[in-house]
Amino acid sequence: MDPPPKSWSIHTRSEIVAKYEVMERVGSGAYADVYRGRRLSDGLTVALKEIHDYQSAFREIDALQLLQGSPNVVVLHEYFWRDDEDAVLVLEFLKTDLATVIADAAKANQPLPVGELKRWMIQILSGVDACHSHMVLHRDLKPSNLLISEHGLLKIADFGQARILTEPGFDASNNHEEYSRVLNDNDNKDTITDTHYGNATCTTSEIDRKEEEEEKELGSFTSCVGTRWFRAPELLYGSRDYGLEVDLWSLGCIFAELLTLQPLFPGTADIDQLSRIIGVLGNLDERAWVGCSKLPDYGIISFTKVENPAGVEACLPNRSPDEVALVKRLVCYDPAKRATAMELLHDKYFSEVPLPVPVSELRVPLTRKGLDEDSPGGWGYLDEMGSDSDFDEFGPLNITRTGYCINIVERIILYGHYIMSIESE
């Protein structure tokens with residue numbers, strides 16, 4: 001459903017300016033613009049997120065309402081929505097993010113102290129556990145979507161790609177047991193004001209169910225989600241049948257970046273991304289993950305067999321065995337073997353010295369400036385999405401790569417093969 005053309009501005013919407021002073025724009029993307037605002041009743045600084053995409057707005061509102069009260073998830077104060085205008089979400093304003101923490105440390109060429117690393121990791125795990133305990137699949141976890149308050153409190157944000165896995169037909173038995181529960185504790189939760197006008201009578205859950213039916217016609221969820229550097233192999237191979245485990249892969253990539261101050265798999269395209277993963281983890285075959293050959297794009301492209309994969313250890317030089325083990329429990333081919341956030345919260349790594357520092361002792365950048373791959377990052381930016389996979393257009397072609405990193409010449413060759421196959425039909 002495409003939103004109607006707009007001839008208005010957030011600055012002129014009476015229901016908003018009656019309660020908030022709209023200040024400078026702090027972020028902009030294809031699907032959302034974010035402004036700093038001030039609540040007139042008490043002077044509280046807020047973020048006003050204007051979402052231009054209907055489905056993204058419904059998803060974010062649904063997820064944030066369900067997660068309201070979770071300390072490591074961004075707070076939704078209220079939202080405004082008319083049937084002829086974009087949704088505007090009023091969120092707590094957080095000045096910086098984990099991408100900036102990493103960028104500042106990298107610029108100073110100073111690894112993060114282990115005590116600080118552990119506290120950042122614990123906060124991330126706590127936020128992901130809250131999401132997964134409520135069966136919220138985020139689908140776009142990355143450093144720039146982990147916002148940080150001036151006091152060091154980390155919060156997961158940008159739920160525009162999230163799905164709530166409680167619709168009819170969802171098989172919870174395919175997921176880890178501790179994530180099969182839905183929490184109903186409403187204590188200490190802020191009240192959400194649903195400010196709807198006009199004829200907008202369809203609830204968020206109804207819209208999500210309609211979209212779910214459309215996705216199931218294509219084979220469940222879309223694989224075109226998330227940011228490439230943090231995208232699980234099953235998504236890169238076009239899977240539409242996946243669950244909470246794709247977030248766990250992203251979590252492993254984030255932890256590796258915290259440890260090294262460099263992205264773990266900085267692919268330039270989906271094929272290059274897979275090549276980098278295979279170069280580290282080894283060949284993806286039935287021995288590594290039973291059932292992987294059934295992935296939609298598995299037979300479309302093949303890679304030269306890797307005789308001596310680098311291994312996760314090589315990507316984490318000078319890190320302790322416990323830190324390497326932590327990442328390896330997340331960055332593995334078989335989704336069923338990835339450790340849950342709750343399991344990792346009980347890992348001995350976090351209870352051994354040096355202990356995690358208190359949140360108040362974390363060093364917090366004053367402003368945001370860290371950006372990650374193929375997204376401008378920041379408040380509510382949503383990635384531009386093309387096809388679900390780089391491989392969609394190639395049909396049954398089986399192309400063998402001989403190098404490690406794909407380059408522009410290889411891309412031209414791939415598309416050339418595709419064009420020739422069409423002309424020959």
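The values are calculated or read from the model by the stated rules, or taken from the named source; none is laboratory data. Nothing here was measured: the structure is a model prediction, and the numbers come from that model. Neighbour counts run over all protein chains shown; Cβ positions are idealised from the backbone, glycine included. Keep in mind that these areas ignore ligands, DNA and RNA; they rest on the heavy atoms of the full protein, side chains included. Shrake-Rupley method; radii C 1.70, N 1.55, O 1.52, S 1.80 Å.
Worth a mention:
- Dimensions of the stretch 62-162 based on its C-alpha atoms, expressed as ranges along the principal axes with the largest first, amount to 50, 27, 23 Å.
- Loop GluC sites (Glu not before Pro), the stretch 292-328, which have at most 15 other Cβ atoms in a 10 Å radius of their Cβ (DSSP): 307
- Site pair residue 151 and residue 318 shows an inter-label distance of 3.5 nm when each label is modelled 7 Å from Cα along Cα→Cβ.
- Rounded D (µm²/s) - the stretch 13-93, Kirkwood Rh over Cα pairs, Stokes-Einstein at 37 °C, 0.692 mPa s: 254
- Burial ranking of peptide ranges 106-113, 293-300 (average Cβ count within 10 Å, highest at the top): 293-300, 106-113
- In the context of the full set of protein chains, the stretch 13-93 has a per residue accessible area of 33 Å² (1.4 Å probe).
- Carbon/sulfur fraction of accessible area - the stretch 13-93, other protein chains in place, 1.4 Å, %: 45
- Unsatisfied cross-links (Cα-Cα over 22 Å) in the set 95/348; 19/142; 118/155: 95/348; 19/142
- For the peptides 33-40, 89-96, the ranking by mean Cβ contacts within 10 Å, running from highest to lowest, is 89-96, 33-40.
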